[in-house]
1. Could you check segment A:87-106 and list, in sequence order, the residues that are within 14 Å of another protein chain (Cβ to nearest Cβ) and buried (at least 17 other Cβ atoms within 10 Å of the Cβ)?
2. Looking only at segment B:108-143, count every residue that is in a loop (DSSP other than H, G, I, E, B) and within 10 Å of another protein chain (Cβ to nearest Cβ) and tell me the total.
3. With respect to B:GLN66, is the statement that it is in contact (Cβ under 8 Å) with a residue 60 or more places away in the chain, in a loop (DSSP other than H, G, I, E, B) and open to solvent by 20 Å² or more (accessible area, probe 1.4 Å) true?
4. Quick one: would you say A:PRO112 is modelled with pLDDT under 90 and either within 12 Å of the chain's Cα centre (by Cα) or of a type outside the set (A, V, I, L, M) (or both)?
5. Scan segment B:80-102 and tell me whether some residue there is more than 8 Å from chain A (Cβ to nearest Cβ), touching a helix residue (DSSP H, G or I) at 6+ places or on another chain (Cβ under 8 Å) and closer than 23 Å to A:ASN90 by Cα.
6. Just give me the residues in segment B:86-118 being of a type in the set (A, V, I, L, M, F, W, C) and within 15 Å of B:GLN58 (Cβ to Cβ), in sequence order.
7. Somewhere in segment A:61-79, is a residue under 10 Å from the mean Cα position of the chain (by Cα), closer than 15 Å to A:GLN120 by Cα and open to solvent by less than 20 Å² (accessible area, probe 1.4 Å)?
8. Quick check on this structure: which one of A:PHE84, A:PHE27 is in contact (Cβ under 8 Å) with a residue 12 or more places away in the chain, within 14 Å of chain B (Cβ to nearest Cβ) and within 24 Å of B:PHE20 (Cα to Cα)?
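The values are calculated or read from the model by the stated rules, or taken from the named source; none is laboratory data. This one's a predicted model, so the numbers in the text were calculated from it and none came from an experiment. Reconstructed Cβ throughout: ideal geometry from the backbone, glycine too, with neighbour counts over all protein chains shown. We work out accessible area using only protein heavy atoms, side chains counted, and drop any ligands, DNA or RNA first. Shrake-Rupley method; radii C 1.70, N 1.55, O 1.52, S 1.80 Å.
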Amino acid sequence: MPYNVLIVDDSQTMRKVIRKSVVLSGFAMENCWEAGNGKEALAVVQAQKVDLILTDFNMPEMNGMEMAQELKKTEKYRQIPIFFITAQENEALRKEGAALGVQGFIPKPFQPEVIRDLLQKAMEKTGNG
Amino acid sequence: MDDLKNRAAAVMANIFETMFFIFIEPQEDVGPNEGEGRKLSETGPGNPSAQYFKSSIQVEGELSGQIKLYLPHDLSRSMAQNFLGLDEEVPQSQAMDMVGELLNMISGNLLSSGSKKIVYKLSMPSNEAVDSQELEKEFRQQGMNLDFDVEGQKIRLQIQLH
């Protein structure tokens, strides 16, 4: 079943690369939305059907963690799996993400097959796989 | 100091290979910079007015300061083109964005390679085009310089952390 994916990163280049990597990985994607920060991402989630979010952590206006906190407050959006794609990997970030229910972390640099495997497992867990 | 340098070299190699499929060669040890920079014209493309893209990130945490990356203009454009899988040349803005994102990956990975327990705050990358003459001034600043060769072109990573 193809999914509607939201990619959130302040770098337009990175958004395109992530999109390309998801496509190359073979992950079934129906629609792909993009946002430049957490605030824009929230607007997309309210306007479109989003099944999965891939987000950077460090972004202007609203970072990935703040965006995740906002989404988790709302029943309607709480179940959307969220993955952080980030170059900054530390225990505090992982702990905070886990407490919020963030699905996982994809470290930058990444390879497409890593993305595919993680995303596929996540969607299976949510019952949409 | 050597540990940081070795980790930086390993991080650079990993990122260039994983994301860009490029193998980079670290150059001879330029050592900690004590006010004397290596002349770019000796190692760069040979054109005194050749442009480079520079990206800077501010770091706050157990170590603070900044990390800068200098990439030749032409190399940046070709890397961005390949990165995005495009046939046509990319605009300068997109090449600069790529350099910023590259530095973001380098900085995050470098700081994490020391310890995953320490939290650092990284600024957004600040990107600009600079020419060789401006670069000579920048390279004379205090800091750790690591040079790499990519297909005959020079890349510099400058680490100013304390």
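1. Hits for segment A:87-106 are A:ALA87, A:GLN88, A:GLU89, A:ASN90, A:LEU93, A:GLY97, A:PHE105, A:ILE106.
2. Restricting attention to segment B:108-143, the residues satisfying the condition of being in a loop (DSSP other than H, G, I, E, B) are B:115-120, B:123-125, B:140-142.
Add one more test, that the residue is within 10 Å of another protein chain (Cβ to nearest Cβ), and what stays is B:115-120, B:123-125.
Looking only at that region, the number is 9.
3. Values: in contact (Cβ under 8 Å) with a residue 60 or more places away in the chain: yes; in a loop (DSSP other than H, G, I, E, B): no; open to solvent by 20 Å² or more (accessible area, probe 1.4 Å): yes.
Judged against the criteria, B:GLN66 is not a match.
4. On the way: modelled with pLDDT under 90: yes; either within 12 Å of the chain's Cα centre (by Cα) or of a type outside the set (A, V, I, L, M) (or both): yes.
Spelling it out, A:PRO112 is indeed modelled with pLDDT under 90 and either within 12 Å of the chain's Cα centre (by Cα) or of a type outside the set (A, V, I, L, M) (or both).
5. yes
6. B:LEU103, B:ILE106, B:LEU110, B:LEU111
7. Within segment A:61-79, the first condition is being under 10 Å from the mean Cα position of the chain (by Cα), and the residues that meet it are A:64, A:68.
Those still in the list that are closer than 15 Å to A:GLN120 by Cα too: none.
Checked against the condition, which is being under 10 Å from the mean Cα position of the chain (by Cα), closer than 15 Å to A:GLN120 by Cα and open to solvent by less than 20 Å² (accessible area, probe 1.4 Å), segment A:61-79 yields no hits at all.
8. Values: A:PHE27 fails: within 14 Å of chain B (Cβ to nearest Cβ).
Going through A:PHE84, A:PHE27 in turn, the sole match is A:PHE84.
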